[in-house]
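Undergrad: So that we are looking at the same thing, I have put the structure below in structure tokens.
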């Protein structure tokens, strides 16, 4: 069995690490009535859409109410941010990412989402739907139809138009009438006044509403129609302007706007006027940086802002100072996390900035610099992704995923002919490790179609990636042609490392089709290539591919030798995820040769390595094989519980059993060892386990093989007692003295923390032990194949 160092808890991602509502940087002022009304609406209706113009507070209100509503419904909340998404086809992927659902071969993403949501009382919040309304409506309708306990809250500038939708316009904050001003102490009863006072005090400590500024405060709130975003933008100016000056400047802005846009809705005119007014107060340097920052989707770092937004000839002196000023003026938000500070513009503000960018004629140049920056990032990250620094680089790429999507969507139109293909080719491993196979394949296929007659290395990489991601989707026909074409191109170009990867991908394709001789030959060619170029990661992965293929051919010596070498190389290069893959494949070979203790050690170590990787798919696969090892080693109770847990996980993830013959044989061994009732009870109990709990059970000491930690003899005694035998009858059956039986029963009571025979019998019945006593570990072993 596994050594003690492998009995550590496995911190696999739990079954529901769903994305929570964003944490507010400032307090929510007012909205008590609105929140109470929304709780009632969401409690009584399955789809509620909060509507209103940008800046009216839809997102903030949804975030404030979501947690308390979900808790009241006995479920949890999942937040899906859609503001930065430009492609309607990616709406299901955005929801999947928020729910931590990974794409799976042969499964529609919508089906996986429904399995993930199941019958749980989940509140799904779709934030900023207006530009993707049709796609959001289609997905919402499907999820609501198939998930009976699901509720959805959407925020949008217009309704989704789904049957059963309840549309709730978000009202403005309450404002006073400057023409009928109440006493100054009463002004703070108005939510708009409280918001302005709160935000003004944040930038100008000591600010209060008093008799001297009461009229001006009322005029600002009244003029801004109680729009939260507009009030916050105005309050940010308190540091440099008096409230009276702000009121006067707003009057001028509205006068200009009234003559320019008489057809706009009042609240739209309000926000436009406020944005115009706020923009007019910026310095020239602030205006330039503000409009250029609007090119970023999903936020940006200081490094990105300096590279993209500074004048190309002048470099980036002063960008940080100007950016800090924009943060101070509430036009840019800053969020500090483990990876450092990131900045973002509210979507309403970003759209305004994009208009200014276009008006200035700068958009093409800024977008080119944006594309070049993220192309450089992708190509810098690519060779690092398969090193010991994989986690750091994957996190960096994940944070910029929306920016990459923007570059890929623009493609050659704005950024040069090779941009889309080069970015897509560089992101293949990111899409692979992070489970974005369908999305990545779509971008790669688009790039490949644009380069049908091209024979460059860029095209070869795109084709290789498209074939790999197509293979993960079980699209054998769609994967074969690009893989074969990429192999030919890499051979023509003499690129040995890339050819080695492409051959391995093609080998995996043929292995899955059952063409093992062809698969093995390709794997051997890949291994030989990586040996010649001294690429140790490529060699380790190709050896793992060769090993598992040889095992499939029942050539255990060759397969195990390849996997042992793969494992050794992975240890030397410090790649924990690659090592987990090699160890899992090595464990398969050891299991099939009947080497159960070495197999348990290999698979246990793989599970420990996976605890920080957040790879549920590989964790399920490792547990599947380790459960078979436990069954063959006499750990029938643990194996049955783990198999039950894995069945529930596969249903949630849309997975199938990889090695069906091994699985079915191990299940049969565990069932025979426990008896049908005890096996069924253990399996059912296992289905309630999270993946993390199943991994902990798999790595637990051997006492966990038996219910309650009882010894084999104690289980025998308890089973006979539960079957109605007296102590004397049990003693006769087991050739023991009555005193010894009594001693065993006392130990049973102590371990089960029960005080009576009836309680012990109840435990036995619940665990299916009130039949024939379980077989001992020596009664069966995993057969040698």
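Undergrad: Would the stretch 137-157 turn up any residue that is assigned to a helix (DSSP H, G or I), in contact (Cβ under 8 Å) with a residue 40 or more places away in the chain and not assigned by TED's automatic domain parsing to the domain that holds residue 38?
TA: Taking every residue of the stretch 137-157 in turn, none turns out to be assigned to a helix (DSSP H, G or I), in contact (Cβ under 8 Å) with a residue 40 or more places away in the chain and not assigned by TED's automatic domain parsing to the domain that holds residue 38.
Undergrad: Which of the residues belonging to the stretch 712-738 are outside any helix (DSSP H, G or I) and surrounded by fewer than 16 Cβ atoms within 10 Å (Cβ to Cβ)? Give the derivation first.
TA: At the first step, the residues of the stretch 712-738 found to be outside any helix (DSSP H, G or I) are 723-726, 735-737.
Residues satisfying the conditions are 724, 726, 735, 737.
Undergrad: While we're looking at this one, here's another question. Of the residues 123, 90, 113, which is at pLDDT 85 or above and in contact with a strand residue (DSSP E or B) (Cβ under 7 Å, 6 or more places away or on another chain)? Before the answer, list the steps.
TA: Values: 90 fails: in contact with a strand residue (DSSP E or B) (Cβ under 7 Å, 6 or more places away or on another chain); 113 fails: in contact with a strand residue (DSSP E or B) (Cβ under 7 Å, 6 or more places away or on another chain).
Going through 123, 90, 113 in turn, just one is at pLDDT 85 or above and in contact with a strand residue (DSSP E or B) (Cβ under 7 Å, 6 or more places away or on another chain): 123.
Undergrad: For the stretch 400-430, how many residues meet the condition of being assigned to a helix (DSSP H, G or I), modelled with pLDDT under 90 and more than 20 Å from residue 296 (Cβ to Cβ)?
TA: Counting residues in the stretch 400-430 that are assigned to a helix (DSSP H, G or I), modelled with pLDDT under 90 and more than 20 Å from residue 296 (Cβ to Cβ) gives 1.
Undergrad: Which of the numbered conditions does residue 21 fail, given that it passes all the others? Conditions: (1) at pLDDT 80 or above; (2) within 26 Å of the chain's Cα centre (by Cα); (3) assigned to a loop (DSSP other than H, G, I, E, B).
TA: The failed condition is (1).
Undergrad: Still on this structure, please answer the following. Out of all the residues in the stretch 429-469, which are surrounded by fewer than 24 Cβ atoms within 10 Å (Cβ to Cβ), within 21 Å of the chain's Cα centre (by Cα) and without any contact (Cβ under 8 Å) to a residue 60 or more places away in the chain?
TA: Residues satisfying the conditions are 429, 430, 432, 434.
Undergrad: Could you tell me which numbered condition residue 69 fails, if it satisfies all but one of (1) closer than 23 Å to residue 345 by Cβ; (2) touching a strand residue (DSSP E or B) at 6+ places or on another chain (Cβ under 7 Å); (3) assigned to a helix (DSSP H, G or I)?
TA: Unmet condition: (1).
Undergrad: Okay, moving on. Looking at the stretch 548-575, which of the residues that are touching a residue at least 60 places away in the same chain (Cβ under 8 Å) and surrounded by fewer than 20 Cβ atoms within 10 Å (Cβ to Cβ) is farthest from the chain's Cα centre (by Cα)?
TA: First, pick out the residues of the stretch 548-575 that are touching a residue at least 60 places away in the same chain (Cβ under 8 Å): 554, 573-575.
Filter once more, so that each one left must be surrounded by fewer than 20 Cβ atoms within 10 Å (Cβ to Cβ): 554, 573-574.
Details: 554: 38, 573: 27, 574: 25 Å.
Result: 554.
Undergrad: What helices (runs of 4 or more DSSP H) lie completely within the stretch 265-341 and have 2 or more residues being at pLDDT 85 or above and in contact with a helix residue (DSSP H, G or I) (Cβ under 9 Å, 6 or more places away or on another chain)? Reasoning before the result, please.
TA: On the way: elements: 266-280, 284-293, 302-309, 319-328.
It comes to 284-293, 302-309, 319-328.
Undergrad: Further question: Tell me, which residue of the stretch 739-766 that is closer than 14 Å to residue 678 by Cβ and at pLDDT 75 or above is surrounded by the fewest Cβ atoms within 10 Å (Cβ to Cβ)? I'd like the intermediate steps shown before the answer.
TA: Residues of the stretch 739-766 that are closer than 14 Å to residue 678 by Cβ, as a first pass: 763-766.
Restricting the remaining residues to those that are at pLDDT 75 or above gives 763-765.
On the way: 763: 20, 764: 24, 765: 13.
Looking at residues that are closer than 14 Å to residue 678 by Cβ and at pLDDT 75 or above, I get 765.
Undergrad: Let me ask something else. Going residue by residue through the stretch 363-376, is there one that turns out to be assigned to a loop (DSSP other than H, G, I, E, B) and surrounded by fewer than 19 Cβ atoms within 10 Å (Cβ to Cβ)?
TA: Initially, the stretch 363-376 is screened for residues assigned to a loop (DSSP other than H, G, I, E, B), giving none.
The answer is no, given that none of the residues of the stretch 363-376 is assigned to a loop (DSSP other than H, G, I, E, B) and surrounded by fewer than 19 Cβ atoms within 10 Å (Cβ to Cβ).
Undergrad: Among 396, 422, 392, 369, which is the only one that is touching a helix residue (DSSP H, G or I) at 6+ places or on another chain (Cβ under 9 Å), outside the structural domain of residue 290 (by TED's automatic domain parsing) and touching a residue at least 60 places away in the same chain (Cβ under 8 Å)? Don't jump to the end; show me each part of the working.
TA: Details: 396 fails: touching a residue at least 60 places away in the same chain (Cβ under 8 Å); 422 fails: touching a residue at least 60 places away in the same chain (Cβ under 8 Å); 392 fails: touching a residue at least 60 places away in the same chain (Cβ under 8 Å).
The unique qualifying residue is 369.
The values are calculated or read from the model by the stated rules, or taken from the named source; none is laboratory data. Values in this document were obtained by computation on a predicted structure and should not be read as measured data. Positions of Cβ are backbone-derived with ideal geometry, glycine not excepted, and every protein chain shown enters the neighbour counts.
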